[in-house]
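Working notes, beginning with the structure itself.
The values are calculated or read from the model by the stated rules, or taken from the named source; none is laboratory data. If you're wondering where the values come from, they're calculated on a predicted model, not measured in any experiment. No Cβ is skipped: glycine too gets one built from the backbone with ideal geometry, and neighbour counts run over all protein chains shown. Remember, those area values only see protein heavy atoms, side chains included, never the ligands or the DNA or RNA. Shrake-Rupley method; radii C 1.70, N 1.55, O 1.52, S 1.80 Å.
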Amino acid sequence: PGARPASKLRAREEISAFKDYWIEIAAQRYQTEKETKGARTVCQEVEAECLRETNTPITLNKNTVMARAKGNMGIREFNAGKGWLTKGEEEQVADFAVETARRGFPLTH
């Protein structure tokens, strides 16, 4: 059997991680260039760079970039701290559920 397709949740996580990567780039660039460029200009430059390098358009919020440049954590990091399980544990539980279902056992067994 081949690899199973990514779930909608996993696809959203990948998109969010992709955008976070570019937000971090913009925040670092804003931090070093804020004396000469505004946040909106830096965002536009990073958006164009992302499009050139990945052929994927994104929109960066200047307020988010400024907050990251000040050291504020992103929503993904904040929410990760609220979880009961680590990422590895979540994957183990999901794999267990898939494996038991594949064998024909319901999770209530």
Filter result for ILE15 (over 30 Å from ASP95 (Cβ atoms) and either crowded, with 16+ Cβ neighbours inside 10 Å or out of contact with any strand residue (DSSP E or B) (no Cβ under 7 Å at 6 or more places or on another chain) (or both)): no
Answer residue from the range 20-44, given it is without any contact (Cβ under 8 Å) to a residue 40 or more places away in the chain and under 10 Å from the mean Cα position of the chain (by Cα) and is surrounded by the most Cβ atoms within 10 Å (Cβ to Cβ) among those: TRP22
Long-range neighbours under 7 Å by Cβ, at least six apart or interchain, first residue closer than 23 Å to GLY38 by Cα within the range 58-85, second open to solvent by 100 Å² or more (accessible area, probe 1.4 Å): LYS62/ARG40
Options ALA97, ALA48: the member that is among the hydrophobic types (A, V, I, L, M, F, W, C), surrounded by fewer than 14 Cβ atoms within 10 Å (Cβ to Cβ) and modelled with pLDDT under 95: ALA97
Listing of helices (runs of 4 or more DSSP H) fully contained in the range 22-109 that carry 2 or more residues being over 24 Å from ARG10 (Cα atoms): 39-54, 62-70
